[in-house]
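Written below as structure tokens is the structure these notes are about.
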Amino acid sequence: MKIASLLVVALVALVPVFAIADDPLVKFKGGVGVDPVSNVAGTVNADGTFPNVIRNVVRGVNPPGQLWMIADLRAVVKADGRIKVDGDGLLLAGGNGIGTNAGASVFATLICEAVAPFTLRNTTLTGVPLEANGDFQIDDVLSPAPPAVCASPALLIRNAANQAWFAAGIVKHDD
């Protein structure tokens, strides 16, 4: 009888742990594509270029060399690091390959720090291939695991080939 009572107590004690692991740490609804140039400065050169171009680096992660767009993005990160991402229409938004997926594969990175040093919590770096229409799904676990509180969440969708960021999630704040 004592063993059965101890098992019941142990199971009841573990329920909150499982519930915490299943709670969303952060949610994202909507996304923005990358513009690789953050700013330009100086007098325009004769060929239309600028002498000083500032790249759109986000929390230490470089952008690609071309514009990308994303039609929609939804993601949920659980407290234990499990992550599900559903992206639609991640495609080139400029250059000769405009409207294509450029044969890219993508992975997700969660960054919780607003200032350096940044910890990049990644899904599997080999990524998942983009479908022809730019759709993709990621169902993975972040490594390293996220902290108990993600004070300033940034979710980046990145190119598996060169690790540049293509798109970012928009944090969903519960009302």
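Where a number appears in this text, it was derived from the coordinates with a stated rule and is not lab data. Nothing here was measured: the structure is a model prediction, and the numbers come from that model. Glycine also receives a Cβ, built like all others from the backbone with ideal geometry; neighbour counts cover every protein chain displayed.
Overview of results
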item: Inverse of mean 1/r across different Cα pairs in segment 32-90, Kirkwood, Å; result: 14.1 Å
item: Share of alpha-carbon pairs per 5 Å distance bin for segment 90-130, given as whole %; result: 6, 21, 17, 15, 16, 15, 9, 1
item: Distribution of pairwise C-alpha distances over segment 95-175, 10 Å bins, in %; result: 17, 47, 26, 9, 0
item: Sequence of Val26, Val77, Val44 once ranked by neighbouring C-beta atoms within 10 Å, starting from the fewest; result: Val44, Val26, Val77
item: Coordinate range along principal axes, alpha carbons of the chain, Å, largest first; result: 88, 35, 32
